[in-house]
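The values are calculated or read from the model by the stated rules, or taken from the named source; none is laboratory data. Please read all numbers here as calculations on a predicted model, not as lab measurements. Positions of Cβ are backbone-derived with ideal geometry, glycine not excepted, and every protein chain shown enters the neighbour counts. Each accessible area value is taken on the protein alone, full model and side chains, heavy atoms only, with ligands, DNA and RNA left out. Shrake-Rupley method; radii C 1.70, N 1.55, O 1.52, S 1.80 Å.
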Amino acid sequence: MDAELCFGQRIDPELGVLEPWYTNPCMDRIKQLELSDKIVMEYGGGASTVWWCKKAKYVYTVDHNAEWWVAIDKMLRENGVVEKSTNTYSPTHEGDQTDTRDAYLKPEFLNGVKVDIAIVDGVHRYECAEYAVKVLKPEILIIDNHQQDFVFICPALDFLLDGVKMERFIQPDHTDHEGRPWATAIFFLNEKSCKKY
């Protein structure tokens, strides 16, 4: 890889590609999971799309940025994994309440697809998480920047996922503008939380 890595980015030593830009402890946990038979849905793609294609059975990706969508397609072709993915561009933005938002949440390629892992790392994070939980019903939901300012602080998410087993992974030595840690959370939707009230 020619470009310099940003904070927290790593090259996967086994695959030789950039890992998804989640917290490092979260990636260490994800790499412990058996992924080869999993169907993945990404809300917000990038180098992560290539990594997931190399590890999972198939990857569906939607992104709201046209330039980034073209870049994703190029990365998939350069890494020889284009046949293991479907990705689309769906123009929308935060605050959008129109049909364009709904097209992002519910891309047509998902009709009838059984998703095993849903990843929320783009726009409309709560809406994507809600759609994943209520409609896609994956085994695993991954949310990057979990409860982090300027990105995704959402008390409604805690309510939506109350009682679900969550593993939250903090990136050492990195905080947001209000001192909250950078965190990626994995929700195991078919398992109950062990926390006591």
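Round to the nearest 0.05 the FRET efficiency obtained for LEU160 and VAL82 when R0 = 30 Å and r is the Cβ-Cβ distance. It would help to have the intermediate numbers written out before the result.
On the way: r = 34 Å, r/R0 = 1.13.
The calculated FRET efficiency here is 0.30.
For Cα Rg over 2.2 N^0.38 Å, several values are listed as (i) 1.15; (ii) 1.20; (iii) 0.98; flag the one computed from this structure.
(iii)
Apply 1/(1 + (r/R0)^6) to the Cβ-Cβ distance of VAL135 and TRP68, taking R0 = 30 Å, and write down the FRET efficiency to the nearest 0.05. If you can, show how the numbers build up before the last one.
Details: r = 25 Å, r/R0 = 0.82.
Rounded to the nearest 0.05, the efficiency is 0.75.
With a Förster radius of 35 Å, plug the Cβ-Cβ distance of PHE7 and ASN111 into 1/(1 + (r/R0)^6) and report the FRET value to the nearest 0.05. Please list the in-between numbers first.
Details: r = 38 Å, r/R0 = 1.10.
The calculated FRET efficiency here is 0.35.
So what's the net charge close to VAL82: Lys and Arg +1, Asp and Glu -1, counting the other residues with Cβ under 11 Å from its Cβ?
On the way: positive: LYS74, ARG77, LYS84; negative: ASP73, GLU78, GLU83.
Around VAL82, the charge tally is 0.
Can you give me the accessible area per residue for the chain, using a 1.4 Å probe, in Å²?
Numbers: 10140 Å² over 197 residues.
In whole numbers, the chain has 51 Å² accessible per residue.
Identify which of LEU76, LEU33, LEU161 has the largest mean-square fluctuation in a Gaussian network model of the chain, with springs joining Cα atoms closer than 10 Å.
LEU33
Could you tell me how far the Cα centroid of segment 12-61 sits from the Cα centroid of segment 92-127, in Å?
Distance between centres, Cα-based: 19 Å.
Looking at the chain, what % of its DSSP beta bridges pair antiparallel, to the nearest 5? List each step's numbers first, then the result.
On the way: 15 of 33 bridges.
The answer is about 45 percent antiparallel.
Straight-line reach only, C-alpha to C-alpha below 29 angstrom: list the lysines that LYS38 could link to, leaving out same-chain residues fewer than 8 apart.
Partners within reach: LYS54, LYS55, LYS57, LYS74, LYS84, LYS106, LYS114, LYS134, LYS137, LYS165, LYS192, LYS195.
So what are the ³J(HN,Hα) numbers for segment 40-54, from phi and the Karplus equation (6.51, -1.76, 1.60; θ = phi - 60°), rounded to whole Hz, Gly and Pro as x?
Karplus values, whole Hz, x for Gly and Pro: 10, 10, 10, 9, x, x, x, 4, 4, 4, 5, 4, 4, 4, 6.
Carbon and sulfur together cover what percent of the accessible area of segment 30-118 at a 1.4 Å probe radius?
Ligands and nucleic acids excluded, carbon and sulfur give 49 percent.
For the chain, what is the mean residue ellipticity at 222 nm derived from helices alone (per DSSP H run of n ≥ 4: -39500 (n - 2.57); sum divided by total residues; nearest 500 deg cm²/dmol)? It would help to have the intermediate numbers written out before the result.
Working: 6 runs with 49 residues, N = 197.
The helix contribution divided over the chain gives -6500 deg cm²/dmol.
Of the peptides 62-75, 122-135, how do they stack up when ordered by the mean number of other Cβ atoms within 10 Å, highest first?
Working: 62-75: 17.6, 122-135: 19.4.
Top to bottom by mean Cβ count within 10 Å: 122-135, 62-75.
With springs only between Cα atoms under 10 Å apart, run a GNM on the chain and tell me which of ASN145, ASN111, ASN87 wobbles the most.
Of ASN145, ASN111, ASN87, the Gaussian network model singles out ASN111 as fluctuating most.
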